[in-house]
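I have placed the structure first, in the form of structure tokens, so that the comments after it can refer back to it.
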């Protein structure tokens, strides 16, 4: 068995649910975001403070403000994708988009003993889903048709009943209609047969384009005690939008035109959108004017999401049934029901942050003498904890069971660590910055090699209540992608190597 095959437990059928374990990971294993200054120092903001980005990391950092501030952070990102699937390299796909770093306003109200109460209202793109991926290769071991054969075999339904049953997925019903799967009597017993397995070697190709992200609106509040302990909290409203256009193709690689399978193509447009709420709590303690430590807790975002799916399958079984196409919209018309929309609840992971900073020069009380700082964050993310549950809307009074996908999340993933470190040197009104960030693999299985690394740098200018910051972040991302999931044998996957950059500017005014 080739090393690109992985034995992994997965649910036998999602039935009505369209979610996969990687859908949960997409919302949790994200890249750093914030202002140009924060991005230039690796995204570390757990103990530094005095930055609107603290609203999304450690809201206690808002307590360092002594003036009001308005900030805008436009940016541009691009990503290049390369892949390897069963020994075949592919790539050259590029995705680019404009985005918005942490932007908004901070209001500071001084109190007695030199303390202040601060309120921050901010918005930021906290996750970016833009990606273009292509991989292809030859497979003599498995076919995407097998997942549909398994679901149909486990249903106990006849073919006619299955075609009209919304208890089966679109893919399985389309596979039956196009003869991608069928029943046959083998050694006196009826079995479900996947047509591609009639060919001893398959060409497989998967191409998808994804767009969207998570934009979070946040309201933060912070205060301090005796100028040494800072407390803060943020209520966040994440708004998620995700669209994926996918084309998956299998074709006979043997050259035999009479074995009952020539090719099959599956097209899908999948959309997810919704909103939620979360809470961030934090504290920063000044050990001295130069040293400070910070801790922060991010609760899961509880989100109400809605899925919409439209798909089509075309299969050519040569002389067996010829070329036949079927779409999900046609199945809805056939069953006189609308099964392509589902709403549900989704909760993201917990985040725990520990941070430390050291300020060179005058410390907080003598800004004019400050020469710079070095800061670092360690963040733990519970990637095993996301959960799906039934929402307020289902179709045909059907009950959606999410226990399978929730179990797969717990089995497939583990908590991962994010390391962030950066520094700034101040030269009168100009600053120079460098940063580094690294995310460990969220996968349980060691054969799945995944990590994220970010190298960043930037400059800044501050004078007479105005500041301008520029940052560039170079990313290197290793990940995997499964073209399909099988429950009775090992799953094959592609390795992805993405590299890209983000150019970000922040302009702000103090008043």
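The values are calculated or read from the model by the stated rules, or taken from the named source; none is laboratory data. A quick note: this is a predicted structure, and the numbers were derived from the prediction, not measured. For neighbour counting, all protein chains shown are included, and Cβ atoms are generated from backbone atoms with ideal geometry for every residue, glycine included.
Brief remarks on what is shown
- Residue that is surrounded by the fewest Cβ atoms within 10 Å (Cβ to Cβ), among those in segment 404-456 that are touching a residue at least 60 places away in the same chain (Cβ under 8 Å), out of contact with any helix residue (DSSP H, G or I) (no Cβ under 8 Å at 6 or more places or on another chain) and part of a helix (DSSP H, G or I): 407
- Residue satisfying condition, being in contact with a helix residue (DSSP H, G or I) (Cβ under 9 Å, 6 or more places away or on another chain) and not in a strand (DSSP E or B), within set 167, 191: 167
- The set of residues in segment 194-215 that are surrounded by fewer than 19 Cβ atoms within 10 Å (Cβ to Cβ) and not in a strand (DSSP E or B) comprises 197, 198, 200, 201.
- Test for residue 108: is it touching a strand residue (DSSP E or B) at 6+ places or on another chain (Cβ under 9 Å) and free of Cβ contacts under 8 Å to residues at least 60 places away in the same chain: yes
- Subset of segment 229-252 (residues that are surrounded by fewer than 16 Cβ atoms within 10 Å (Cβ to Cβ) and more than 30 Å from residue 124 (Cα to Cα)): 247
- Options 50, 43; residue that is free of Cβ contacts under 8 Å to residues at least 60 places away in the same chain and either assigned to a loop (DSSP other than H, G, I, E, B) or surrounded by fewer than 20 Cβ atoms within 10 Å (Cβ to Cβ) (or both): 50
- Subset of segment 356-382 [modelled with pLDDT of 90 or more and part of a loop (DSSP other than H, G, I, E, B)]: 382
- Selection within segment 277-294 - more than 19 Å from residue 115 (Cβ to Cβ) and buried (at least 22 other Cβ atoms within 10 Å of the Cβ): 280
- Residue satisfying all of: in segment 457-488; out of contact with any helix residue (DSSP H, G or I) (no Cβ under 9 Å at 6 or more places or on another chain) and not in a strand (DSSP E or B); surrounded by the most Cβ atoms within 10 Å (Cβ to Cβ) among these: 483
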